[in-house]
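Q: The structure is given below, and queries will be raised subsequently.
Rule-based calculations on the coordinates, nothing more; no lab input. Given the structure is predicted, the values throughout are model-derived calculations rather than measurements. Positions of Cβ are backbone-derived with ideal geometry, glycine not excepted, and every protein chain shown enters the neighbour counts.
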Amino acid sequence: MSELMHDGRAIALDQDGYLCRLDDWSEAVAQRLAEREGIHLTEAHWEILRLLRGFYAEFQLTPATRPLIRYVAQQLGPEKGNSLHLNRLFNGTPAKLAAKLAGLPKPSNCL
């Protein structure tokens with residue numbers, strides 16, 4: 001287990017870098033997690049992260065890549081709900097990395 005320092009406090013991360021406690025998430029924490037991944041969050045990233053958090057709030061699960069793409073297409077349209085767009089934003093691992101940055105658990109069917 002590792003930790004992320006933010007505002008003078010240690011936030012616990014699991015062995016894969018996901019938050020141990022969902023309540024530790026904030027946009028500032030997402031920024032710090034993104035920095036660790038070498039990503040500068042843009043509005044395009046935030047749009048997906050907010051959508052993903054809404055999905056989790058509604059369904060209590062983190063979607064794998066195909067359901068994520070389908071949900072983004074339903075909510076934001078096909079120009080944003082496609083693998084090319086999401087892979088570009090999240091370094092080729094949209095379900096895993098977006099979930100991590102959104103403060104959600106790792107998708108259960110991702111290795």
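Q: For the range 1-59, what class follows from the C-alpha gyration tensor (a ≥ b ≥ c being the square roots of its eigenvalues): rounded when a/c is under 1.5, otherwise prolate if a/b is larger than b/c, else oblate?
A: Oblate shape, in that a/c is at least 1.5 and b/c is the bigger or equal ratio.
Q: Taking the Cβ-Cβ separation of Gln31 and Arg9 as r and a Förster radius of 22 Å, what is the calculated FRET efficiency to the nearest 0.05?
A: That gives a FRET efficiency of 0.90.
Q: Which of the chymotrypsin sites (Phe, Trp or Tyr not before Pro) across the range 41-104 are loop residues per DSSP, with 10 or fewer other Cβ within 10 Å?
A: Nothing satisfies the criteria.
Q: Also, I was wondering about something else. If amide H atoms are built 1.01 Å from N in the plane of the peptide, which residues on other chains or at least 5 residues away come under 5 Å of the amide H of His6?
A: So His6 has HN proximity to Ile11.
Q: Calculate, in nm to one decimal, what Lys106 and Ala44 gain on full extension: separation in residues at 0.36 nm each, minus their alpha carbon distance.
A: The Lys106-Ala44 span can extend by a further 20.2 nm.
Q: On to the next question. At 1.002 mPa s and 20 °C, plugging the Kirkwood radius over alpha-carbon pairs of the chain into Stokes-Einstein gives what diffusion coefficient in µm²/s?
A: Diffusion coefficient, whole number: 154 µm²/s.
Q: Still on this structure: Would you kindly derive the ³J(HN,Hα) couplings of the range 20-30 from the backbone phi angles with the Karplus curve 6.51 cos²θ - 1.76 cosθ + 1.60 (θ = phi - 60°), listing them in order in whole Hz, with x for Gly and Pro?
A: Computed from phi, the couplings for the range 20-30 are 6, 10, 4, 5, 7, 6, 8, 5, 5, 5, 4 Hz.
Q: With charges set only on the Cβ (+1 for Lys and Arg, -1 for Asp and Glu), what does the dipole of the range 3-55 come to about its Cα centre, in debye to the nearest 20?
A: 60 debye
Q: Give the average over all directions of the projected area of the C-alpha convex hull of the range 26-84, one decimal, in nm².
A: 4.4 nm²
Q: Now for a different question. Could you give each residue of the range 96-108 its phi-based ³J(HN,Hα) in whole Hz, using Karplus coefficients 6.51, -1.76, 1.60 with θ = phi - 60°, and x for Gly or Pro?
A: Whole-Hz 3J(HN,Hα) from phi for the range 96-108: 5, 6, 5, 4, 4, 5, 7, x, 9, x, 4, x, 5.
Q: Any chance you could run the full-extension gain for Gln60 through Ser2? It's 0.36 nm times the residue separation minus the Cα-Cα distance, nm to one decimal.
A: 18.4 nm
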